[in-house]
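None of the figures in this text is laboratory data; all of them are computed from the coordinates on show. All figures in this text were calculated on a predicted structure; none of them were measured in a lab. FYI the Cβ positions are ideal-geometry reconstructions off the backbone, even for glycines, and counts take in every protein chain you see.
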Amino acid sequence: METKEMRAAYVETIVALGEKNTNIVVLEADLMSCTGTGVFKKAYPDRFINVGIAEANMIGIAAGLSTLGKIPFAASFGCFAARRVFDQFFLSANYARLNVKLIGTDPGVTAAFNGGTHMPFEDLALMRVVPKLTVIEPSDPNSCAALVKAAAELYGCVYIRIPRKAVPYLYPSTETFEFGKAKLLQSGKDACFIALGSLMVNEALKARDILAGQGIDAGVLDILTLKPIDREAVLEQASKARCIVSAENHQINGGLGSAVAEILAEEGFKGKFARVGIRDEFGEVGTQDYLTKRFGLDPETLAGQVKKLL
């Protein structure tokens, strides 16, 4: 299966955008080597700012640049992009109705060897409650490139959650994407996994194969945008499947699971529903494969939830 680093998809996109639009600027908190944005710095040195290890200050600078008509992309590890700068991003960028694009890398267990301190399991919950903020998590390199481009074209703040490592392609380069629209990868009459992000979409596809071998027909809905969430797509799958399982590389409270639960409860869903995600725990050090299993994000756990519900 062909793969590509998500950070490469991000960087290639902003470099291409920067060539056509001189208002595109990039800010880093001394993590250029991790994000890969040194390529942008080399191409457009006068539009690249390394603020040092001062993430909150980075957001203040990004907000200031936005008032001048610039389109700032500010990046850091997801733990810093959410927890450390939350107040600055909330007030200086969102409350002020500015145009800052915040990139949070290495979400959830993809932080791996950086361990619990650097493992954001709560960033989506924080960002989801910010008024008018668009919150996305692309699932493959092509959706990443398309949604980063869409973020640049949209006036308003956006939080983009992406792993840095290589992930499989799920969509052709010709696929189109838009905020608030999910993609149905597989349909199923018995169950549907509603998944967010490359890790969980791919784990859900593997779980679907496990269930197919046991005579259970499960679908996979790639939600892509947590906010605004594709309510119609969720309800469509709920009308067809006997059970729904949300799957996220994040705490089950406040993120995708909560968003789906709210929709189903408000619409009087008569089927069964379960949430797969982190269950009120902190992160720890380990390989991504180990952590995926350790926190119950693996295909076997996903398939087991469906069998339990059915």
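The table below gives the values:
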| quantity | calculated |
| --- | --- |
| All positions within the range 258-293 that are assigned to a helix (DSSP H, G or I), without any contact (Cβ under 8 Å) to a residue 24 or more places away in the chain and either more than 20 Å from Arg208 (Cα to Cα) or in contact with a Phe, Trp or Tyr (Cβ under 9 Å, 6 or more places away or on another chain) (or both) | Ala261, Glu262, Ala265, Glu266, Tyr290 |
| The range 7-43, subset among the aliphatic types (A, V, I, L, M) and under 15 Å from Pro163 (Cα atoms), residue surrounded by the most Cβ atoms within 10 Å (Cβ to Cβ) | Ala9 |
| Residues of the range 58-96 satisfying the condition of being in contact (Cβ under 8 Å) with a residue 40 or more places away in the chain, within 12 Å of Ala29 (Cβ to Cβ) and out of contact with any Ser or Thr (no Cβ under 9 Å at 6 or more places or on another chain) | Ala74, Phe80 |
| Candidate set: the range 44-81, residues that are among the polar types (S, T, N, Q), touching a Leu at 6+ places or on another chain (Cβ under 9 Å) and within 30 Å of Gly115 (Cβ to Cβ); chosen: the one surrounded by the most Cβ atoms within 10 Å (Cβ to Cβ) | Ser76 |
| Pair list, Cβ < 8 Å and 6+ apart or interchain, from the range 110-123 residues that are within 15 Å of Lys293 (Cα to Cα) to residues that are part of a helix (DSSP H, G or I) | Thr110/Leu199; Thr110/Gln288; Ala111/Gly78; Ala111/Cys79; Ala111/His118; Ala112/Gln288; Ala112/Leu291 |
| Search result, residues across the range 99-153 that are hydroxyl-bearing (Ser, Thr, Tyr) and buried (at least 24 other Cβ atoms within 10 Å of the Cβ) | Thr105, Thr110, Ser139, Ser143 |
| Checking Ser239 against (1) of a type in the set (S, T, N, Q); (2) surrounded by 23 or more Cβ atoms within 10 Å (Cβ to Cβ); (3) closer than 14 Å to Cys192 by Cα, the condition it does not meet | (2) |
| One residue from Ile244, Ile210, Ile263, Ile216 being of a type in the set (A, V, I, L, M, F, W, C), in contact with a Cys (Cβ under 6 Å, 6 or more places away or on another chain) and either surrounded by 18 or more Cβ atoms within 10 Å (Cβ to Cβ) or more than 23 Å from Lys165 (Cα to Cα) (or both) | Ile244 |
| Breaking point among (1) more than 18 Å from the chain's Cα centre (by Cα); (2) outside any helix (DSSP H, G or I); (3) in contact (Cβ under 8 Å) with a residue 12 or more places away in the chain, for Phe179 | (1) |
| Enumeration of residues in the range 82-98 that are aromatic (Phe, Trp, Tyr) and surrounded by fewer than 19 Cβ atoms within 10 Å (Cβ to Cβ) | Phe86, Tyr95 |
| Filter result for Gly254 (on the phi > 0 side of the Ramachandran plot and either without any contact (Cβ under 8 Å) to a residue 12 or more places away in the chain or not aliphatic (A, V, I, L, M) (or both)) | yes |
| Sole exception among (1) over 16 Å from the mean Cα position of the chain (by Cα); (2) within 30 Å of Leu310 (Cα to Cα); (3) not hydroxyl-bearing (Ser, Thr, Tyr) for Gly156, by number | (2) |
